[in-house]
Amino acid sequence: MADRDDDAEAPQRSDSWRLDAGPEARASTASRERGPVPRASGHALASRPAPDDSCPAADSIHAAAASGRDEPSRDTAVAAAQSGEPGPLATPAPRKRLELRRAADLAALPLAPADRARDAEAAASFHVKAPRRYLELIDWADERDPIRRQVIPSAEELVHDPREREDPIGDAAHSPVPRLTHRYPDRVLLYPTYQCAVYCRHCFRKESLADDDAATYTIDTLEPALAYIAEHPEIREVILTGGDPLILANERLEELRRRIEAIGHVRLLRLHTRIPVVLPERINPGLVAALKGRLMVCVVTHFNHAREITEATVAAARTLREAGFMLLNQTVLLKGVNDDAEALRTLFRELVYALGIRPYYLHHCDSTRGLSHFRTTIDRGLELMTALRGHISGLCLPHYVLDLPGGDGKIPLGPSYVAARSGFEWKFKTYDARTRDYSEIVTENPPRDR
């Protein structure tokens, strides 16, 4: 994307979440006066000045209309434009048109020429995409910025250890029909799309994602998977993943939700998504209406660093909470991004206290090809979990897990606090490194004679 400083005052376009627009996508645009920006609570919220006085949703709508691209559906666009929710607080000082939809767009980003040349091959080898408002959180002067590391290609991704895998957790090995994985007895993964609003450099599915038409949603491509779910009464949860299911138009999501909830033995619809992190303005009343029905709904977000928490993400989480949805978060332990006790403490506290999202899993980085530069040792992960326990609320403490290669499931990696044991007599380590004795008071261990 060429740098267009001569058009600096034109509305900036956020990366479109409408990769699969429905027929109503030609709706009229809407605008409004922007309301006052509420004060954010929590020290982790970004604190740089707001980028401008324009409406984030309206920017996207008007830019899409000007460019001839499909804009969001009417219910989504109007609800977003009238919501009064602020955009992120963080932005780089220059008013540049930051956008990343393909490798060529890297030329317009404030990257050092040497960095751009070094990482060009990686950029050409994998999908590259990040919404404008997520890019605005990057401190471009810091080569090790934790958000930059998550979305800007690196030559390190081309270093493949022969023990790494193209399909690290065995999605394909446990796929009885297209677009479905059945790894655990009572739940399945369903892939309505293989496209995302952001392509994370650490993604364990980075080699299966695509931007072509075959990756998009149609109900016909999901019919074998829906039939499989209907034929297996043990399935209680359907997990929409991909790709990111929330890039779908509201009418597509509603269509899919209705089809799933028509299967009587399904009780819960779960959505794994990065959208609330990278494109929070997508979370609006139209989306909520598309997801609400008979099924319990759980939205699992993917925040990896407290810098990703902004006023806009707080507002998005509030919209989901007020809809009655269960909110959980999965974080990946990433070297150079969040492998620090204080960084994790801040992230997990702010997820609970600012967003009302329960930290669910801290994933050990998978054996995806080209991720050695992101992968810590398990010992380091255990050290970090030890540094967290007791120092933050139990509500803020996730399960540290390893997804075994090949699809054999998640293994809890929590540190052990057992110092020694003899029968019913135990010695435990406390969170602050003391040792205490404990005797089990059970009928199998009667009192000793005094």
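The values are calculated or read from the model by the stated rules, or taken from the named source; none is laboratory data. All of these numbers come straight from a predicted model, not from anything done at the bench. Because the Cβ atoms are built from the backbone with ideal geometry, glycine has one as well, and the counts that use them run over all protein chains shown.
Quick notes
- Some residue of segment 236-245 being among the charged types (D, E, K, R) and within 16 Å of the chain's Cα centre (by Cα): yes
- Of all residues in segment 272-299, those satisfying the criterion of being surrounded by fewer than 22 Cβ atoms within 10 Å (Cβ to Cβ) and either closer than 15 Å to VAL352 by Cβ or touching a Leu at 6+ places or on another chain (Cβ under 9 Å) (or both) are HIS272, VAL288, GLY293, LEU295, MET296, VAL297, CYS298.
- Wholly enclosed strands (runs of 3 or more DSSP E) of segment 153-244 bearing at least 2 residues touching a Cys at 6+ places or on another chain (Cβ under 6 Å), surrounded by fewer than 17 Cβ atoms within 10 Å (Cβ to Cβ) and not small (Gly, Ala, Ser): none
- Figure legend. Inter-residue proximity from segment 304-329: first residues among the aromatic types (Phe, Trp, Tyr), second residues buried (at least 20 other Cβ atoms within 10 Å of the Cβ), beta-carbon distance below 7 Å, spacing 6+ or different chains. Indicated pairs: PHE325/VAL299.
- Within segment 399-450, the only residue that satisfies the criterion of being of a type in the set (Phe, Trp, Tyr), touching a residue at least 40 places away in the same chain (Cβ under 8 Å) and touching a Lys or Arg at 6+ places or on another chain (Cβ under 7 Å) is TYR431.
- Residue in segment 327-344 that is part of a helix (DSSP H, G or I) and of a type in the set (Val, Ile, Thr) present: no
- When the criteria are applied in full, LEU269 meets the requirement of being in the same structural domain as THR310 (by TED's automatic domain parsing), surrounded by 23 or more Cβ atoms within 10 Å (Cβ to Cβ), part of a strand (DSSP E or B) and at pLDDT 95 or above.
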